[in-house]
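What follows is one structure encoded as C-alpha cells, with my remarks underneath.
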Amino acid sequence: MTALSNSRTLSLEEYSNFFNLEKSQERYTDWVAMLMEHYGCKTKRTLFKGMKNCSIHCINGEITISPSRHVKLEAWDGIGGDVTLSANSSCAEIGAALRLALSRCKG
C-alpha cells in the first residue's frame, strides 16, 4: 500500500525525463545491481531465474494487478488474467489479490 500511495501522475516535463532512454537504462542498471547485492546474487541469471513479475496500476479507485510470462532473462510480457479490486480494499485483500496474480505468472 505504501508503494501505491507514493505513486503519482507525472507532468509532461517529468514524463519526458522519466522515459528518457539513456536515463531509464541507467536507472535499470542501478536497480539490477542493487537487487543483486541485496539478494547476494553473483550473476543476472541467478537473480532473474524463476522471478515473477506483475504490473500494478491504480486508476479511478480500482487496482489492477497484471501477471506476466517470463520470456527470457530480463524480459516479460503480459498474459491476461488480471486481478482487479477496489483501492479501498484492506491490506489483507490486496495481499491476497497479489498472491493470486503471482500464482498466474508463467515461466
Among Leu98, Leu85, the single one that is surrounded by 12 or more Cβ atoms within 10 Å (Cβ to Cβ), of a type in the set (A, V, I, L, M, F, W, C) and within 14 Å of the chain's Cα centre (by Cα) is Leu98
Every pair of residues 6+ apart whose Cβ atoms lie under 6 Å, when the first sits in region 1-13 and is free of Cβ contacts under 8 Å to residues at least 40 places away in the same chain while the second is in a helix (DSSP H, G or I): Leu10/Phe18
Can you list residue pairs whose Cβ atoms sit under 8 Å apart, with the first residue in region 35-51 being within 17 Å of His70 (Cβ to Cβ) and the second being surrounded by fewer than 14 Cβ atoms within 10 Å (Cβ to Cβ) and among the aromatic types (Phe, Trp, Tyr)? Count only pairs 6 or more apart in sequence or on different chains. Leu47/Tyr39
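This table checks each residue for (1) under 13 Å from Leu4 (Cβ atoms); (2) of a type in the set (A, V, I, L, M); (3) in contact with a Cys (Cβ under 8 Å, 6 or more places away or on another chain); (4) not assigned by TED's automatic domain parsing to the domain that holds Thr9.
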| residue | (1), (2), (3), (4) |
| --- | --- |
| His57 | yes, no, no, yes |
| Glu62 | yes, no, no, yes |
| Leu73 | no, yes, no, yes |
| Gly81 | no, no, no, yes |
| Thr84 | no, no, no, yes |
| Ala97 | yes, yes, no, yes |
| Ala101 | no, yes, yes, yes |
For region 80-97, state whether one or more residues are on the phi > 0 side of the Ramachandran plot, in contact with a helix residue (DSSP H, G or I) (Cβ under 7 Å, 6 or more places away or on another chain) and outside any helix (DSSP H, G or I). yes
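The values are calculated or read from the model by the stated rules, or taken from the named source; none is laboratory data. Values in this document were obtained by computation on a predicted structure and should not be read as measured data. Note that each Cβ is placed from the backbone with ideal geometry, even for glycine, and that neighbours are counted across all protein chains shown.
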